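Below is one structure, written out as structure tokens, with a few remarks after it.
The values are calculated or read from the model by the stated rules, or taken from the named source; none is laboratory data. Every value quoted in this text rests on a predicted model; they were computed, and no experiment measured them. Reconstructed Cβ throughout: ideal geometry from the backbone, glycine too, with neighbour counts over all protein chains shown. These area figures cover heavy atoms from the full protein model, side chains too; ligands, DNA and RNA do not enter into them. Shrake-Rupley method; radii C 1.70, N 1.55, O 1.52, S 1.80 Å.
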Amino acid sequence: MKGLPVLWLLLWLSAVYFVGIYVFVGGFLLVRLEVNRTSTCGDLLEPEGGSADFCRGQPRFKRAIILIIDALKIDFARFDSSKTTPRHYENKLPVLEEVVSSRPSQGRLYPFRADPPTTTMQRIKGFTTGSLPTFVDVGNNFASSAILEDNLIHQLGQTGRHVVFMGDDTWESLFPKKFFRSLPFPSFNVKDLHTVDNGILQHLYTTMVGDDWDVLVAHFLGVDHCGHRFGPDHPSMADKLTQMDGVIRSVIEHLQNDTLLVVMGDHGMTDTGDHGGESLKETDAALFLYSPTPVFAESNSQNEPNVVPQTDLVPTLALLLGIPIPYSSVGQVLLPLFQEKTAGAVAGLSQLEALWINAKQVNRFLETYSSMARDIPPQRLSQLKDEFSRLSSDYLSSLREGQSPPSQLALSLQAYLTSVRDTCRSTWARFNPVKMAAGLAILAFACLMCLVLSELSQVLIKEYSVGLKAPAALALTMGVVVAAAQLLTQGYVEGVWCLAAGAFSSELLFFWRFRRVNSFTVLKNGTKVSKYSRWLTPCRLPVAPLLIPLLRCASLLSDSYVIAEGRVVTFLVFSLVLYIPIQLNWNGLLLPPSPDPLKSAGLLPPSGLSLSTVRKECTTLLGCVGLLISTLYLSLSFHGCREEQGSCQPSSFLYPLSRMQDNQLKNLHYVLSVISLGIYTSLLRHVLCHYGNLNSSGGTVFTARWILPLLSVCLGLHWAVSATSEDSFRNLAQLIRVAQLALPRAAYCLLGLGLSLIWIDPITVFVKTRGAASSRTPAMPTPCYRASTGISPQAELHHLIPQIYQHMRRSLDDSELSGGTEAPNRLTVEAYGLGTVYSAPLLLFCGLLGMGLLLLHPEGMAASFLLLLLEMAALLHIHASSTTLCGLHGTYSGGFNVPWTPVVLWSLAATQFFHATGHLPTFPSIQWGAAFVGFPDGHTSTLLPASLVTLNTFASHILFAVGCPLLLFWPLVCEVRGISRARTCGVEGGDAVMEMRLRENPLQFSSSLLQLSARYLFIHGVQVFSSVCAAAILRRHLMVWKVFAPKLMFEVSGFFMSSVFLLFGVMLVLRVDRAVARWFKNLMPDASR
């Protein structure tokens, strides 16, 4: 078998896809240019002019306490006395309502709206710098790096203020060595509700009574972690909010007159406790402001905002504390905190003075940014500059003349600040059309290359023997040339264009070389025709199977279809499955052909065409179709819900058992999960036993016999421990914590050991060698089959290979004849499981990997993974039965090639079970709890948790990609005697030797494996290309950042995981092939002795 050409061609194809995606994303998701300048006390002077230091003025407040309650949504903070039976998260913070209603001049409560993405790191960055995040910033939430832009923490330190921090350790990585004193606590373990909060409470009140601080920041995490673990409507949420109510009361009681209290949430949460997107439930947090002395007007004025953007907190706090506004802030001061007119007894700025300083700072940032980035439209930039010049002239002239500024000036300044923020928000969603076009071109050619490889794989394996040296050399050369040209013209190198040039040139070389090598073929009549014309014609490309992916790709252009993608893909799979028996019946393949009266009566039909044989295959086919339809229907019970689907209720199986409050329902779910896990394990072992693959003593058999059931036991015990509350068994709390750590880690070790053993020793064949018959029974003939312990008679008859190989049998016979051995004394070699030598380790590898991925999911997903296994089995048997029926009627002429229909079904099933395992192409739906399976105390780095979450999210893509070669093997596993000659393409022999036919035809084996892999990559690649086109075409669509951009990111990530694990599956097949070759080489001398 030519394994290396197959592997290198697939590696090259994947690399070209990756480059195309990278180039497009580089033009679609650009990071905002950061202005690394800082404000100083001498920059923003008071309106009267002069050279006085701004920071030396008398601030409104000398101190501030900022309590950040992570995920404190506005619904948690509101109080509704009319609700007699409030939910667990309602009416649990009465202190806020008491203050607002009884002391309205001292406290206010506002909705506090965050800009998406609503992840903690981006929110901290937003309300300390006053800048707006970009979409791609969400990826940095796993790897928080220091904030380089000017921010409140830097300004406080620059002006000599002492900032004390305690709580979420994310602040330490964002502001390293910026705090006067810091008490960070580990934040990444979402199952830990108390460590961070209790740590803060141990130091909060003692710090408040001291005089060595100016600003105290405390970031509580219990509410956010409770939402992630249990959801908002849970008794634990009520307890946590009640605790926060007590904290706020105590802080208010100890507050001094010169101190401002800020209680805020950084973001909200959905009904399932998640966040990260841009729905109002995720963006609308709470903001509570309180001062022991009156600071607000008694009655609400026209300046009272309905919603406070988070960026507005930055200039407001800066001016209230008497420090410069951070340089890059685009926020607007919150006017109710400033006096309408400067009062002699009250220190601080008036509303108009604050607006003027704010507008001057924003205008300075706008001028600096526009000179550096040059991406703001010139006409819009000119309008903003003219507007500020007019407002500045009106304000300063009124001051010089000693007159009161115009009454509309404040409103005009507010409108100007809003316009600047809106302009920046629209500008920072900018695109690079050249990069996007280049990425689209590379992806389009990559899809075309996949199609060429899939249709002409055998020609490529034969004639493209020089490998990829020339394309690699050309790509490297073009990359160097482009880099040199950039250095000469620009003075710097942009690597993305070097990669684009290399990928595009290698694609063009592929098409040019293939056209030159394989331009013509000779037909039977002696004429020459182009080979391209033979496979590009509609009759060569199946229209119906490829119509389904076309409809799927077209649906990606509609936000409604993307929102309902789970049901859309399920319907497409259902439609294509029904197409298979309909097509077979249309072609007359579901019944034996009627005898031809024109043929000689003495010619009998082949024995394989008996009515019972065809009826058996038809029954198998229709039964598997029914099984697959049942799995499709049941899989809909495990779908999640998007925020746009208002009336949708997510499946209860998506929640971990620890979140369920009904013990009876919890026990029912646990029993169902354990039963599903047991059936999953039993089915795998039954298939391997049925085909005689559990009789040898190799590593793979050891894995199937011992590691697989032990892993199942670990999973079941882990689910039981995870569902047990430590409060229920206080005496066993320490044991429960140890079990939560030990059981999943033991499962990880078993999984790693099992996968390693399969890779190291993949052979599952048991060999018997016996000599001449005993002299005491000379009349007894040598039996052709000999039963072994543990093998049923049916398996003995159908799935043993008595003669290992036809040509090997002949070589043994020839060796014995040449040695003068008599026929009665010849050796008989029996091999158990040789017919499934390729599929058995691959099937076990997929099953074992599936159990490892199940460990990262909620317990209720065990039933979904069982449905996934059943759907895989149904697809394989439908493919095998349809192939067998075609072979029985003599209409199958594809050799070992896998048709388009099963490949399309296999790829669509990966997307279907992405949704059937509770996932959605949205950031709030990411199951972050997977990062803590086996690591309840958190992680020291971000690589491992990010990897666990990625494996959890794309589990279905991984399993279907690794198992893709099973589509090549399964028709051979289920072959019927009578179609052997058709599948071996002329090689004689009527025995059902199953997968050994692949070794008899190594060239066809290689080409078929390449064709199958290229077709699978093509289907997924076309979906990525369609998603890229949708993002490019609809980049100005209202739903681009809510629907199309997240869908693009998930589609790209799914393609990456699919291609990587498809390569891993191909490598496993090549590893088994080498092991089989070595096994034959070692066996033949032993058999000859």
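At-a-glance table
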{"item": "Whole-number percent relative contact order across the range 349-430, with pairs defined as alpha carbons under 8 Å at least 6 apart", "result": "44 percent"}
{"item": "Two-site label geometry, Met1067 and Phe431: point separation in nm, points 7 Å out along Cα→Cβ", "result": "3.7 nm"}
{"item": "Linear extension gain, Thr942 paired with Val738, 0.36 nm per residue minus alpha-carbon span", "result": "71.1 nm"}
{"item": "19 Å tail of the calculated P(r), the range 349-430, as % of Cα pairs", "result": "37 percent"}
{"item": "At most 11 other Cβ within 10 Å, DSSP loop - GluC sites (Glu not before Pro), the range 261-335", "result": "Glu298"}
{"item": "Förster radius 25 Å - calculated FRET efficiency between Phe180 and Ser725, Cβ distance, rounded to 0.05", "result": "0.05"}
{"item": "Full-stretch length increase - Leu665, His194 - with 0.36 nm per residue and alpha-carbon distance subtracted", "result": "166.9 nm"}
{"item": "Kirkwood estimate for the range 1005-1074, i.e. one over the average of 1/r between Cα atoms, Å", "result": "13.6 Å"}
{"item": "Theoretical gain in end-to-end length, Ser101 to Arg567 [0.36 nm per residue, Cα-Cα removed]", "result": "162.9 nm"}
{"item": "Accessible area of the range 349-430 belonging to carbon and sulfur atoms, whole % at 1.4 Å probe", "result": "49 percent"}
{"item": "Ranked packing of 99-112, 440-453, most packed first, by mean Cβ within 10 Å", "result": "440-453, 99-112"}
